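Trainee: One structure follows; several queries about it will come next.
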Amino acid sequence: MQRNSLYFTAPREAALVREKLEEAQPGQLLVETRVSAISPGTELLVYRGQLPGGVSLDSTISALAGETGYPLKYGYAAAGKVIDCGPGSVRGDWLGKAVFAFHPHESHFWARPEELMLIPEGLSFEQAVFLANMETAVNFLMDGQPAAGEQVAVFGQGIVGLLTTALLSQHPLASLVTLDRYEERRKASLEAGAQASLDPSDAAVLEELLSQLQRERVYRGADLTFELSGAPETLNMAIAGTGFNGRIVIGSWYGQKQAPLNLGGSFHRSRIRLISSQVSSLTPELSGRWNKERRYQWAWDRIARIHPERWITQRIPLENASEGYQILDQRPGEAIQIVLTY
């Protein structure tokens, strides 16, 4: 059997390869992909060749456990149907089931049952491909722990930033202000529940941010800030917009990108806390009550309530996938979420 697989072959080069599907291992299931989502964050680092060398793409996911280096397959949001069972003791009741997998972009793949998640009844394939990014957004809130009455800022309104904003809007916050360079994302941010969404390139944006956060209240700045822009230089503005003893959750993975960080001036006396956040693990403070399965369940529930499929801006056939990466790389203002169709 042949399958179509997307390979990153060099920086800014992606190619569709027709290749033979490997033989099944005992107990595996064959999945036929219907839709997969392009990650405009980490995946764009892969496309641009900006990942740090000598590290695993994701050691917690078997399909992504290898070290970086071209050519490689990458992607972690595939939804499809189980169409066959390999040899062994796999239960036949998997056949025909709609499933999600943290798997690269390819038309067919074998997976063990524990590597697949059943898509909850009532959710479409297009909704299901948001699971990975919704889980990430849920994890940001678990790490940031927003409290009632807090003033919150979110830098970056790509799809992960929008999902984070939508989750935050369900909390009893005093204010929720977002920032993004692109007008369409700012409009979507207001739809997601932000009270204001600002352009960080405006000359007076910092004062406007502080004003929108504070209003008539006595505390100046953000109690809680999320840096989700993917641009390391944004951290300086995030620090400037965060109040005394505030928290900054750094959800962006910058790869090889670096920028000077101003930790002089008011930072030293501000008692601001910088918090790293990564979805492959849970914050130790919650691990006694939470595990990844419980977090998945909550992420599925939020997908059903928030309807993130409204932020799909392009549906591109797998064979034209390079077009999607070119949009994200060269014209990012045109896209929020791109999905590949099969």
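Please treat every number below as a calculation from the coordinates, not as lab data. As the structure is a prediction and not an experimental result, all values here were calculated from the model. A quick note on method: Cβ atoms are made from the backbone with ideal geometry, for glycine too, and the neighbour counts reach across all protein chains shown.
Trainee: What's the exposure ranking of His103, His171, His268, going from fewest to most Cβ atoms within 10 Å?
Mentor: Arranged by neighbour count, lowest to highest, His103, His171, His268 become His268, His171, His103.
Trainee: Now for a different question. Are there any GluC sites (Glu not before Pro) in segment 1-48 that are in a DSSP loop and have at most 15 other Cβ atoms within 10 Å? List them by number.
Mentor: Answer by residue number: Glu22, Glu23.
Trainee: Arrange the following residues from fewest to most other Cβ atoms within 10 Å of their Cβ: Met237, Met1, Met134.
Mentor: Met1, Met237, Met134
Trainee: Sticking with this one: If you take every residue apart from Leu286 with its C-beta less than 13 Å away from the C-beta of Leu286, what net charge results, scoring Lys and Arg +1 and Asp and Glu -1?
Mentor: Result for the local shell: +2.
Trainee: Normalised by the residues of segment 104-191, what does the relative contact order come to in percent, with Cα pairs under 8 Å and at least six apart?
Mentor: RCO, segment 104-191: 26 percent.
Trainee: Kirkwood hydrodynamic radius, computed over distinct alpha-carbon pairs, for segment 123-196: how many Å, to one decimal?
Mentor: About 12.5 Å, per the Kirkwood formula over Cα pairs.
Trainee: Still on this structure: What is the Cα convex hull volume of the chain when expressed per residue in Å³?
Mentor: Taking only Cα atoms, the chain has a hull volume of 138 Å³ per residue.
Trainee: If amide H atoms are built 1.01 Å from N in the plane of the peptide, which residues on other chains or at least 5 residues away come under 5 Å of the amide H of Thr242?
Mentor: Ala222
Trainee: Another question, if that's okay. Can you give me the angle between helix 205-214 and the longest principal axis of the chain, using Cα atoms only, in degrees from 0 to 90, rounded to the nearest 10?
Mentor: For 205-214 against the chain, the angle is about 80 degrees.
Trainee: So, one more: From Cα pairs below 8 angstrom and at least 6 apart in sequence, can you work out the relative contact order of segment 133-284, rounded to a whole percent?
Mentor: Here the relative contact order equals 24 percent.
Trainee: What's the local net charge at Arg12, with K and R +1, D and E -1, over the other residues with C-beta under 9 Å away?
Mentor: -1
Trainee: Let me ask something else about it. Among Gln258, Gly149, Ile272, whose Cα projects farthest towards the positive end of the dipole of segment 133-284, with charges put on the beta-carbon of Lys, Arg (+1) and Asp, Glu (-1)?
Mentor: Sorting the options by dipole projection puts first Ile272.
Trainee: Also: Which ³J(HN,Hα) values in Hz, rounded to whole numbers, follow from the phi angles of segment 124-141 under the Karplus curve 6.51 cos²θ - 1.76 cosθ + 1.60, where θ = phi - 60° and Gly and Pro get x?
Mentor: Once rounded to whole Hz, the list reads 8, 4, 5, 5, 5, 5, 8, 4, 4, 6, 5, 4, 4, 5, 4, 5, 4, 5.
Trainee: Follow-up question, since we're still on this one. Within segment 282-337, which trypsin sites (Lys or Arg not before Pro) sit in a loop by DSSP and count at most 16 neighbouring Cβ atoms inside 10 Å?
Mentor: Arg289
Trainee: Next question, about the same structure. Go ahead and estimate [θ] at 222 nm for the chain from helices alone: -39,500 (n - 2.57) per DSSP H run with n ≥ 4, summed, over the residue count, rounded to 500.
Mentor: Dividing the helical sum by the residues of the chain leaves -7500 deg cm²/dmol.
Trainee: Could you give the distance between the Cα centres of segment 163-231 and segment 83-114, to the whole Å?
Mentor: Using only Cα atoms, the two centres lie 41 Å from each other.
Trainee: Cα-based Rg of segment 244-342 per 2.2 N^0.38 Å, rounded to two decimals?
Mentor: That works out to 1.51 for segment 244-342.
Trainee: Hey, another quick one. Please compute the contact order of the chain in relative form: average sequence separation of alpha-carbon pairs under 8 Å and at least six residues apart, divided by the residue count, as a percent.
Mentor: 18
Trainee: Put +1 on the Cβ of each Lys and Arg and -1 on the Cβ of each Asp and Glu in segment 144-224; which of Ala203, His171, Val218 then has its Cα farthest toward the positive end of the dipole?
Mentor: So the residue furthest toward the plus end is His171.
Trainee: For Ala188, what is the net charge nearby, where nearby means another residue's Cβ is under 12 Å from its Cβ and Lys, Arg count +1, Asp, Glu -1?
Mentor: That sum, taken over residues with Cβ under 12 Å, equals 0.
Trainee: Where the only charges are on Cβ atoms (+1 Lys, Arg; -1 Asp, Glu), what is the dipole of segment 84-200 about its Cα centre, to the nearest 20 debye?
Mentor: It works out to roughly 80 debye.
Trainee: Here's another thing I want to ask about it. Using a simple charge model, +1 on the beta-carbon of Lys and Arg, -1 on the beta-carbon of Asp and Glu, nothing else, what dipole does segment 133-284 show about its Cα centre, in debye to the nearest 20?
Mentor: 400
Trainee: So for Thr164, Thr68, Thr242, Thr42, fewest C-beta neighbours within 10 Å to most, what's the order?
Mentor: Thr68, Thr42, Thr242, Thr164
Trainee: Ok, one more. Once you charge only the Cβ atoms, +1 for Lys and Arg and -1 for Asp and Glu, what is the size of the charge dipole of segment 216-324 about its Cα centre, to the nearest 20 debye?
Mentor: 460
Trainee: Moving on to the next point. For segment 133-284, take the convex hull of the Cα atoms, compute a quarter of its surface area, and give me that in nm², please.
Mentor: 8.8
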